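What follows is a short report on a single structure.
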Amino acid sequence: FLNQERREELSRRDCIVLSNHRSWADFFICCLTANGGRSGYISRATVGVLLPVVFLWEAFVTRNAVVFNRGKKNKNSKDKLFTKVAAFLRRGGLLLVFPEGHRHLGKGILPLKRGLIKWAYNNQQSCAVVLHHGNDLVINEKTMSLNRGVEVVCDHRGIFDPADFSSPAEFYDRINHEFEQGYKELEDFCEKKTVNSAQKVCAGIDTCA
């Protein structure tokens with residue numbers, strides 16, 4: 001954790017947690033890095049086809065999953081989603097959201113969707129930005145690989161209150177900046193850490209290819 005004190009502050013709050021999305025592992029890792037016992041997440045209904053047991057447990061027993069259907073055929077799906085989000089937050093806790101909308105394995109981040117961030121501003125719901133690097137090394141759907149002992153680096157960028165911003169656009173711009181700048185800093189940090197580790201290994205042997 002790069003900002004442990006911010007993580008401790010977040011663990012005691014009730015708000016939306018915005019994170020980057022790179023892997024199925026995000027659902028578990030991101031909840032744990034916020035506060036595992038108080039965290040839930042937004043999930044498409046199609047996840048139930050891939051992970052039926054986990055999906056049914058989270059959606060209907062613990063009620064930690066806010067489920068929605070995405071697509072043009074699902075009329076009023078956005079309004080229904082926001083109603084569920086409001087109900088979850090009234091119960092208290094941390095709701096994990098991936099504002100990029102899709103998993104992304106490339107450099108940087110995808111453009112953030114505006115819908116939920118605008119809703120958060122209009123309803124005076126604070127949003128935390130929590131970024132991760134390494135989740136896709138735990139579970140990678142593209143290579144169909146699962147690995148143990150992987151180091152994941154987490155950066156809590158802060159909690160942002162709509163009351164501190166003059167408009168939804170200003171609120172969105174600040175969150176978008178934290179994503180873009182924060183993930184660039186996180187990538188740079190992890191790259192330097194990898195180089196330093198490699199140099200230490202090289203220093204311990206006679207030759208290094």
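The values are calculated or read from the model by the stated rules, or taken from the named source; none is laboratory data. The model shown is predicted, which means the values in this text are computed figures rather than measured ones. Quick reminder, even Gly has a Cβ in these numbers, built from the backbone with ideal geometry, and neighbours come from all protein chains shown. Heavy atoms of the whole protein, side chains included, go into the accessibility calculation; ligands, DNA and RNA do not. Shrake-Rupley method; radii C 1.70, N 1.55, O 1.52, S 1.80 Å.
Observations
- Those residues of the stretch 5-38 which are polar (S, T, N, Q) and either part of a loop (DSSP other than H, G, I, E, B) or surrounded by fewer than 20 Cβ atoms within 10 Å (Cβ to Cβ) (or both), in sequence order: 11, 19, 20, 23, 35
- Candidates in the stretch 182-195 are the residues that are under 30 Å from residue 17 (Cβ atoms) and loosely packed, with under 12 Cβ neighbours inside 10 Å; of these, the one that is modelled with the lowest pLDDT is 194.
- Any chance residue 175 is modelled with pLDDT under 95 and not in a strand (DSSP E or B): no
- Criterion violated by residue 98 - all others in (1) modelled with pLDDT of 90 or more; (2) over 20 Å from residue 135 (Cα atoms) satisfied: (2)
- Each residue in the stretch 111-160 was checked for being part of a helix (DSSP H, G or I) and open to solvent by less than 10 Å² (accessible area, probe 1.4 Å), and 3 pass.
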